[in-house]
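Encoded as structure tokens, the structure appears first; notes follow it.
Bear in mind these aren't lab numbers, they're just calculated from the coordinates by the rules spelled out. None of these values were measured; they are calculated from a predicted model. Because the Cβ atoms are built from the backbone with ideal geometry, glycine has one as well, and the counts that use them run over all protein chains shown.
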Amino acid sequence: MSETTALLPGTAQHAGDGFGATAGDRFQDAVADRASRSAARPTWTSRFRWFARRPAAALALLWLLVVLVAALWPSVIAPGDPLAGVPAENLQGPSAAHWFGTDQIGRDLFTRVVHGTSLTISAASIAVVVGLVVGSVLGLVSGFAGGRTDAVIMRAADVLLAIPGLLLSLAIITALGFGTVNVAIAVGIASVASVSRIMRSEVIKVRTSAYIEAARASGNGWLRVLLRHVLPNSTGPVIVLGVLEFGGAILAVSALSFLGYGAPAPAPEWGALVSGGRDYLRGAWWLTTLPGLTIALTVLAANRLARGLDSEGTGRR
Amino acid sequence: MPATTTNRSSTVRYIASRLGQSLIVLWAAYTVSFIVLYALPSDPVALLAGGDATDVTPEQLAELTAQYGLDQPLVVQYLLRLGGVLRGDFGTSIATGRPVSEVIGEAVSPTLQLAGLAFLIAVLAGAGLAVLATYVRGRSLSTFLLGLPPLGVAIPSFWFGLMLIQWFSFQLPLFPAMGDKSVASLVLPSIALALPTGAMIAQLLSKSLATALGEAYIDTARAKGADRRRVHLRHALRNAALPAITMTGLIVGQLLSGTVVTETVFSRPGIGRVTATAVQQQDIPVVQGIVLFAATAFVLANLAVDLVYPLLDPRIQLTAAPRRRRQPSVPAHAEDPVTAAPAPDIDAVLEAAR
């Protein structure tokens, strides 16, 4: 996907500003390039205005903040014990006392969903970090080194893409065993190939721009250029990708915990909660509907925010 | 198809080179799955013998390990198993002792029915939604329709399947909630399986339709007096569909892996159930067989697209020179105004070529 499209803007820019220009001109161009980038850096007020014009993105951010609070301090939102049930109050529908109703042994479902947040969110975060770190390093090396290294890494990525992500995750879980962390690692590794491709195309885009050439021309070593110039300028799209991957990671993690490969039984992982309500589908709709709705809203919010950030990023470029 | 002999031999060479590349991808997929499944530490034999149960002597354990060839060095195991695969022997299931090819073979048919119907639903609903969303004049209606695919992408498919059961099996007893006995039992699972894929197709196609509608040849067609519907379906959709068609391999893989969840939710037999059980039992040979099966489906779908694509897009010639990847060449052509302009005449070009 990336090869031609990624190379074209860079080469076009070079043909435009490079031909017949002196090194000094180029250096000034590079300085101007950087200056315009830092001038566009958003302030808090501009950020606020950006969200005010996009109510959907603002709502998405708000929901994710609530989810974050639930993950970090679950007792602030739901002070009860997620594992303790009152058998006399089992299988009650949603009410003022039990917002999400109660399950078959009288545990409050809202408390369980809130306390399960940290399990699901931390698993998704581990998955994103694993995918982004490994994928970015591979993409960075691939895009920067070029030649044979590039070819080998990209062919490997092609092969990984031939195996559907969920099946790759399942194969890794088969080898590593069950558990939240293993599920997270498996989901992360399954996303490495696509992350490395995107990172590579970003690196190629940045590598061919004028200020990198200026940095090289003023005598900086490759490693310094890579760490000080290429990396910071490639991170924007990677952060957007991270938010987008986060939504997908929540889906994958909860699907795997739904299938029973996550944390063992009483742990209130979101996918496991949906699975736990399966046997009571006919009588107690809330046991599957409400945890599932929580997952869907969180994924939707993460995807919406990623789309907002992405459109802003491309608009600015 | 090209008529002259030189063209025909170049077509043959093209197909041969694509076949060769496909085999290399399959070999690489085998190697990757071997590394993941056999090189990472796991002890399926101990699990088979009853986990940490103490009634199995170390000697019996060693015998079982030897029986499955798990005691040999990794390189030897790799070569032995690769040799077996080349002869059509995909190993023996550790949990049941049956050949892997048999375990997978008998599960293929119900999964093909499910995935086939889901493919149809995903393509028709996804493309229909994309066409409708870009066709309607009302701004709010269009915004609403364009808001649906992101929703479909965000909904967990296992949850959606359970919701379908709740609504259309329990509250309105229209379809059976589980089993594979009738055609009606296929309806809900295939809709559940089609949701994420259909939403992805709708997102992709509505984006490329919007781009196509801004191209110059659309103005040309309008100026020549073609009505709005004709321009939309005959001209814009035909060009916009091309990038979506290159995603076929991905879609097939997504549907196939989606059956793991769907078949579990709807208690149907098939590849997905076999996978879920094999992972549960750490049945490594079966899991590897399924990974290979999925990679083969992916490769075959891509091969089919490679062969059909030149028929759909006459700007692409069948050449023996192996293109490194299919996707980059397409946008490059599409952005070229000279080659993009005659695209509405695909019919005429195809007729002439025949």
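Let me know the charge dipole size of segment A:79-188 about its Cα centre in debye, to the nearest 20, where only the beta-carbon of Lys, Arg (+1) and Asp, Glu (-1) is charged.
Computed about the Cα centre, the dipole is about 320 debye.
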Magnitude of the charge dipole, segment B:149-287, Cβ model with Lys/Arg +1 and Asp/Glu -1, debye to 20: 600 debye
B:Thr92's amide H: which non-local residues (gap 5+, or another chain) put their own amide H closer than 5 Å, with H modeled 1.01 Å from N in plane and none for Pro or chain starts? B:Val100
May I ask you to derive the FRET efficiency for B:Thr277 and A:Ser95 from their Cβ-Cβ distance with R0 = 41 Å, giving the value to the nearest 0.05? 0.55
Quickly rank B:138-151, B:81-94 as a protection proxy: mean count of other C-beta atoms within 10 Å, highest first. B:81-94, B:138-151
How many percent of all Cα-Cα pairs in segment B:93-160 sit more than 21 Å apart? 51 percent
Ranked highest first by average number of other Cβ atoms within 10 Å, how do B:21-34, A:251-264 line up? A:251-264, B:21-34
Can you tell me which of A:206-216, A:107-117 comes out highest on packing, and rank the rest after it, using the mean Cβ neighbours within 10 Å? A:107-117, A:206-216
In this structure, the FRET efficiency calculated for A:Leu83 and B:Ala16 from their beta-carbon separation, with R0 = 51 Å, to the nearest 0.05, is 0.25
What does the charge count around B:Ala236 come to, taking other residues whose C-beta lies under 14 Å from its C-beta (Lys +1, Arg +1, Asp -1, Glu -1)? +4
Over all Cα pairs of segment A:73-208, the Kirkwood radius sets Rh, and Rg/Rh then becomes 1.22
With the crude spin-label approximation of a point 7 Å out along Cα→Cβ, what separation in nm comes out for A:Leu65 versus B:Gln60? 6.1 nm
Simple spin-label estimate for A:Thr149 and A:Trp44 in nanometres, 7 Å along Cα-Cβ: 4.2 nm
Output field shielding_mean for A:151-163 (other chain Cβ, 10 Å radius) holds 5
Computed over the Cα atoms of segment B:130-194, the Rg and Dmax in Å are 15.2, 45
Alpha-carbon Rg with Dmax, taken over segment A:167-270, Å: 19.0, 61
Over the Cα atoms of segment B:100-321, Rg to Rh with Kirkwood Rh, two decimal places? 1.04
B:Gln67 and B:Leu151 label points (each 7 Å along its Cα→Cβ direction) are spaced in nm at 5.5 nm
For segment B:100-321, what's the relative contact order in percent, using C-alpha pairs closer than 8 Å and at least 6 residues apart? 27 percent
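Assuming R0 = 35 Å, what is the FRET efficiency of B:Thr31 and B:Ala216, from their Cβ-Cβ distance, to the nearest 0.05?
So, using R0 = 35 Å, E works out to roughly 0.15.
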Just checking the output field for B:27-34: average partner chain Cβ neighbours within 10 Å of each residue's Cβ? 3
For B:149-157, what's the mean count of beta carbons from other chains sitting within 10 Å of each residue's beta carbon? 6
